[in-house]
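Working notes for the structure below.
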Amino acid sequence: MPQSRQTSTTFAAPETALSFRPVTLDDMPRLRQYLSREQGRTTDFSFLGVAMWIDYFKYQYCIYRDTLFIKGVLEDDRRVEAFSMPVGALPLSRAVPYILGYCRARGLVPRFSAVPEYALPGFMQFSPKEIMELPDWSDYLYDADKLATLSGKKMAKKRNHLNRFLALYHGRWQLTPLTPRNAIRALQFMGVADLEGDNAPEAAAERDLTRRILENYDRLSPYLHGALLEVDGHVCAFTVADIKGDTLFIHIEKATRSVEAAYEAINALFARLMTERHPAIKYINREDDAGDEGLRHAKQSYHPLALLKKFNIRL
């Protein structure tokens, strides 16, 4: 994309200012305070968007001058070290130079990954050497009411699927909130997810990370929302999400193909439950498709309001 070669007016940050330590689940309540101050709607700055992927992206953090700095790897290449966009009290013009100083002292190339599109102008003052869009990692953003009601002509097929589920399993299905007490049932259901799921390394890794969240649900539950969908007393689907501002982030959604329209049902019924309980929710982020064509088709079939673009930036 075209880049303006502006002269940076930022101050020179000390090279020893930042000291990083590995992120743990115990750190997440503190980090959440900073993530909630980020103004965008991409999943990378939501609570579970970080907590679930701590090990996968090798997250480390530093809080300095009331600002959160996260170091990890490129979203599309885990061999390369990169930083998240800093969030907190410092504007980019004063936060980024600390990362530049850190990299200069260690001989690292300053790279940022999954930078939301709205933040690009803020990085232009540093005359970036490269800005690369990550099309496979754009988040799908939906109108919350549309997903909850499936109203309108565009949603007719989804509405028919849901109605089919409700008719087939009338009096036999139940949606219950996910709690520390029943999270074990979702964890047990992961055996079904393994049998029916994709065997690609990324998909297998995602299932392992899902297990870790469920195993620690008692610790994380104050910050999460979820639900179990049952038919005849057996779990056929579950979901886990969190809320930031006016957006509900769906991080985990599993269902079995042996129950007709289970995916459509958990999607719509959970959206309905959450919008009723939390009227401030206006949007639902269902994350990216990771370049998977089947997943891309499924997400597009719900007619997103927008694709939230993300970028890698090299300074």
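Quick look at the values:
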{"read-out": "Cα-projected label distance for ILE63 with GLU293, points at 7 Å along beta-carbon direction, nm", "value": "4.7 nm"}
{"read-out": "Integer Hz, Karplus 6.51/-1.76/1.60 couplings in order for the range 16-26, x for Gly and Pro", "value": "9, 5, 9, 9, 9, 9, x, 6, 10, 4, 5"}
{"read-out": "Cα-based shape type of the range 177-315, given that a ≥ b ≥ c are square roots of the gyration tensor eigenvalues and the cut on a/c is 1.5", "value": "rounded"}
{"read-out": "Cut-off under 5 Å, modelled amide H: who pairs with ASP289 long-range", "value": "SER138"}
{"read-out": "For the range 113-127, 3J(HN,Hα) per residue [Karplus equation, 6.51 cos²θ - 1.76 cosθ + 1.60, θ = phi - 60°, Hz, x = Gly/Pro]", "value": "10, 6, 6, x, 4, 4, 8, 4, x, x, 7, 5, 5, 9, 6"}
{"read-out": "Most fluctuating residue given options ASP246, ASP292, ASP27, as computed from a GNM of the chain linking Cα atoms under 10 Å", "value": "ASP292"}
{"read-out": "Extension reserve of the LEU166-ALA204 stretch, reckoned as 0.36 nm per residue once the Cα distance is removed", "value": "10.6 nm"}
{"read-out": "Shape parameters for the range 49-147, alpha-carbon atoms, Rg then Dmax in Å", "value": "14.5, 50"}
{"read-out": "Spin-label pair HIS234/GLU15, simplified geometry with 7 Å Cα→Cβ offset, distance in nm", "value": "6.3 nm"}
{"read-out": "For the range 63-78, 3J(HN,Hα) per residue [Karplus equation, 6.51 cos²θ - 1.76 cosθ + 1.60, θ = phi - 60°, Hz, x = Gly/Pro]", "value": "10, 9, 6, 6, 9, 8, 10, 10, 10, x, 9, 4, 5, 9, 7, 6"}
{"read-out": "Computed label-point distance, nm, for sites ALA156 and THR24 using a 7 Å Cα→Cβ extension", "value": "5.6 nm"}
{"read-out": "Directionally averaged projected area (convex hull, Cα atoms, the chain), nm²", "value": "16.4 nm²"}
{"read-out": "Nearest-0.05 FRET efficiency for ASP194 and SER127, computed from C-beta distance (R0 51 Å)", "value": "0.60"}
{"read-out": "DSSP bridge orientation in the range 16-163 - percent antiparallel, rounded to nearest 5", "value": "95 percent"}
{"read-out": "Nearest-10 value in Å² for the accessible area of HIS251, using the 1.4 Å probe", "value": "10 Å²"}
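The values are calculated or read from the model by the stated rules, or taken from the named source; none is laboratory data. Only a predicted model underlies this, so the values are computations on that prediction, with no experimental measurement involved. All Cβ positions, glycine included, derive from the backbone under ideal geometry; neighbour counts span all protein chains shown. Quick note on the areas: whole protein, heavy atoms, side chains included, nothing else; ligands and nucleic acids left out. Shrake-Rupley method; radii C 1.70, N 1.55, O 1.52, S 1.80 Å.
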